[in-house]
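Engineer: Mind having a look at this structure? Questions to follow.
Taken together, the values in this text are just the output of simple stated rules run on the coordinates, not laboratory data. What you see is a predicted model; the values in this text were computed from it and never measured. Positions of Cβ are generated from backbone atoms using ideal geometry, with glycine treated the same way; all protein chains shown enter the neighbour counts.
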Amino acid sequence: MANKKRYQTVKILGSRIHRIPIPDVISEMERWIDASTIDSKLYQIIVTGFHGIWEAYRNPSLKTIFNSADIWIPDGIAPVFLARLKGLRNMKRTPGAELMQAFFKVADKKGYRSFFYGDTENTLTGLRKKLLNDYPGHKIAGTFSPPFRPLTEKEDGDVIRMINDARPDILWVALGLPKQEHWIYQRRHRLKVPVAIGVGAAFAFVSGIVKRVPEWIGDNGLEWLWRFIQEPGKLWRRDLIDGPRFLWHVFLELAGLGEEDERVRN
């Protein structure tokens, strides 16, 4: 299993986030894949920023899922700034798209197999073309875009069998937070996959269908504004309502005025 004690963690609103650079995350993934013949455990990686921390703060069951993950890395600048305020100076943001691309470089040499679950058929088609062109040694075990409705029990079972029959080394899930994390966790004993990772919108970023934020904008904490301008209808509540509420409760925590396990109402 992951050696959690090897990596420093920072606690924000009750969530434990790892300080682990991308090369070390990839090394852990390789180790889990290589040991999968004798270790049947599914390892889960969480990749999220303030939105995930806030949702976990509001939802104890989601916090349990997040804190039980083998690795939780910050996709976003907010937890990075807060980690630095708490003394973890070398914390860096780890976008899901960058983690995927770093893995594909290794998989291109080692022939690792990925299954992509989520997003739209159009995005998956673009992602497949991009990967076949840029990483021909990496194997695409399969792709599936689920319908925009709850699956029946039979359909869900068929999906699990389809993924298991494809024998992927990594299962990438793009259903959006927190749905993707719940989906992985609830099926962790049925999925015969070494590693599963929820990556949100990363399929669209890696495929090139959606333009990624320039690195200097992201590193200076303005990725939220970049994405908000592109998708205001989708992100207005998260950025304009949840964002300020998150910052307020973090301020209370930093000032010693808030209870870490305090719950907030929707």
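Engineer: What is the set of long-range amide H partners of Thr94 at a cut-off below 5 Å, with H atoms built 1.01 Å from backbone N?
Structural biologist: For Thr94, whose amide H was placed from the backbone, the distant partners under 5 Å are Asp75, Gly76.
Engineer: With just the Cα atoms of the stretch 98-189, tell me how far they stretch along each of the three principal axes, in Å, largest first.
Structural biologist: Result for the stretch 98-189: principal-axis Cα extents of 38, 26, 21 Å.
Engineer: Then there is this: Would you mind listing how long the stretch 23-107 runs along its three principal axes, going by Cα atoms, in whole Å with the largest first?
Structural biologist: Projected onto the principal axes, the Cα atoms of the stretch 23-107 cover 39, 29, 22 Å.
Engineer: Report, by chain and number, residues whose modeled amide H sits under 5 Å from the one on Tyr43, excluding near sequence neighbours (fewer than 5 apart, same chain).
Structural biologist: Result for Tyr43 returns Val195, Ala196.
Engineer: Please report, in whole Å, how far the alpha carbons of the stretch 32-167 spread along each principal axis, starting with the longest.
Structural biologist: The Cα atoms of the stretch 32-167 stretch 45, 38, 37 Å along the principal axes, largest first.
Engineer: What size of dipole, in debye to the nearest 20, comes out for the stretch 24-207 about its Cα centre when the only charges are +1 on Lys and Arg C-beta atoms and -1 on Asp and Glu C-beta atoms?
Structural biologist: The dipole magnitude comes to about 260 debye.
Engineer: Would you mind checking Lys86/Lys109; Lys11/Lys105; Lys11/Lys109; Lys92/Lys179; Lys11/Lys154 for any pair whose Cα atoms are more than 29 angstrom apart? Working shown, then result.
Structural biologist: Working: Lys86/Lys109 39 Å; Lys11/Lys105 31 Å; Lys11/Lys109 36 Å; Lys92/Lys179 25 Å; Lys11/Lys154 40 Å.
In this structure, Lys86/Lys109; Lys11/Lys105; Lys11/Lys109; Lys11/Lys154 exceed 29 Å between Cα atoms.
Engineer: Along the charge dipole of the stretch 24-207, which of Thr123, Gly49, Val199 sits closest to the positive end, that is, farthest toward it, with unit charges on the beta carbon of Lys, Arg, Asp and Glu (+1, +1, -1, -1)?
Structural biologist: Gly49
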